[in-house]
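The values are calculated or read from the model by the stated rules, or taken from the named source; none is laboratory data. Bear in mind the structure is a predicted one, so any value in this text is a computation, not a measurement. Because the Cβ atoms are built from the backbone with ideal geometry, glycine has one as well, and the counts that use them run over all protein chains shown. To get the accessible areas, we keep the full protein, side chains included, count just its heavy atoms, and leave off ligands, DNA and RNA. Shrake-Rupley method; radii C 1.70, N 1.55, O 1.52, S 1.80 Å.
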Amino acid sequence: MVRNRIYFTTFAAVMTYSVVGMGAVGGFYGGRLAHAGREVHFLSHSDYQYVLQHGLRVDSCDGDFLLPHINAYGSSADMPKTDVIIVGLKTVNNHLLPDLLGPILHDDSIVLLIQNGIGIEEDLQKVFPRLHIVAGVAFICSSKVEPGHIKHHDLGRINLGNYSCPADDFARLLADFQDAGFQAAEVPYLEARWRKAVWNMPFNGMTVALNTSTDKLLRNPATRQLIKDQMLEVIGAANALGVDKLTPAFADQMIKSTDEMVPYSPSMKLDFDYHRPMEIPYLYTRPIEEAKKVGFEMPKLAMLEAELKFIAAGL
């Protein structure tokens, strides 16, 4: 991988980036790329005027930085075509992607979906059959605290899973992220998505259903065991779908790493708190359906899905 990084940095044209969804995730990864000297263009709606005047500020556990001038746009129709489009939108807004992506794609553009859930890439590929798609699975605790201001609390590594991208272009993307200072690694696509689901499915929904935080769930013996049981359901589903590198030991690893994290409210809990739509379809409904197709049931997570749908109906 070091040889690839040297080769592409020396001989290949520098990749240009766009960020669609300048929130806690897209803003952080796009901001770090810009801070490392990459050309990055940001699509911003709610805080467009603010970031034009004040830039983007990231308070990070790895070192704060301010980008006083960024390439910000209120519409993707005004943006240039770029080599990589980072999508940081919540999946509840994915119906907007055809219109948002169209103006900024060229024939060889890569779309990096830094989103949570199962089946996202498959659905986007149906809309853009020739598109080069990569899954971005971020392990990060970050939040957007005010316009143009992101707070990065903990972690930050990212796994990239190649869904439909040419191997050489994927290697360039991975090398570019590594050269920009990210802890980035290649993970087989399906494994990458289900590996993140092991954490996402229990903690996102449980913090909403019980109106609590990750640390409190793990301090209570009953909910700690329930979290582990749910994780084992996800691992079992992944195994049934052919992801054999996920073992029950990974559940213990995830619980241990969460014990060591700062107390944190996952993205679904923040959406619930601020009365925003929750990402139930891709985080729960789709993986439960995919597991059922191969004869594997996820009863505890199916119950959690039903509870979340009940809660969402009252928002």
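Some values worked out for this structure:
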{"quantity": "Residue count for region 203-235, restricted to those that are among the hydrophobic types (A, V, I, L, M, F, W, C) and outside any helix (DSSP H, G or I)", "calculated": "1"}
{"quantity": "Selection within region 171-192 - open to solvent by 10 Å² or more (accessible area, probe 1.4 Å), assigned to a helix (DSSP H, G or I) and closer than 24 Å to Pro129 by Cβ", "calculated": "Ala171, Arg172, Tyr189, Leu190"}
{"quantity": "Output for region 72-117, where each listed residue is under 13 Å from the mean Cα position of the chain (by Cα) and charged (D, E, K, R)", "calculated": "Lys90"}
{"quantity": "Odd one out for Tyr282 among (1) loosely packed, with under 14 Cβ neighbours inside 10 Å; (2) touching a residue at least 40 places away in the same chain (Cβ under 8 Å)", "calculated": "(1)"}
{"quantity": "Yes/no for Thr247 being surrounded by fewer than 18 Cβ atoms within 10 Å (Cβ to Cβ) and not in a helix (DSSP H, G or I)", "calculated": "yes"}
{"quantity": "Tyr29 being closer than 21 Å to Asn93 by Cβ, part of a helix (DSSP H, G or I), in contact (Cβ under 8 Å) with a residue 40 or more places away in the chain and open to solvent by 10 Å² or more (accessible area, probe 1.4 Å)", "calculated": "no"}
{"quantity": "Ser143 vs. criteria polar (S, T, N, Q), surrounded by fewer than 20 Cβ atoms within 10 Å (Cβ to Cβ), more than 25 Å from Gly205 (Cα to Cα) and in contact (Cβ under 8 Å) with a residue 24 or more places away in the chain", "calculated": "no"}
{"quantity": "Top-ranked residue in region 45-64 [being among the hydrophobic types (A, V, I, L, M, F, W, C) and surrounded by 15 or more Cβ atoms within 10 Å (Cβ to Cβ); ranked as modelled with the lowest pLDDT]", "calculated": "Leu52"}
{"quantity": "Residue among Val234, Val262 that is open to solvent by 50 Å² or more (accessible area, probe 1.4 Å), in contact (Cβ under 8 Å) with a residue 24 or more places away in the chain and under 20 Å from the mean Cα position of the chain (by Cα)", "calculated": "Val262"}
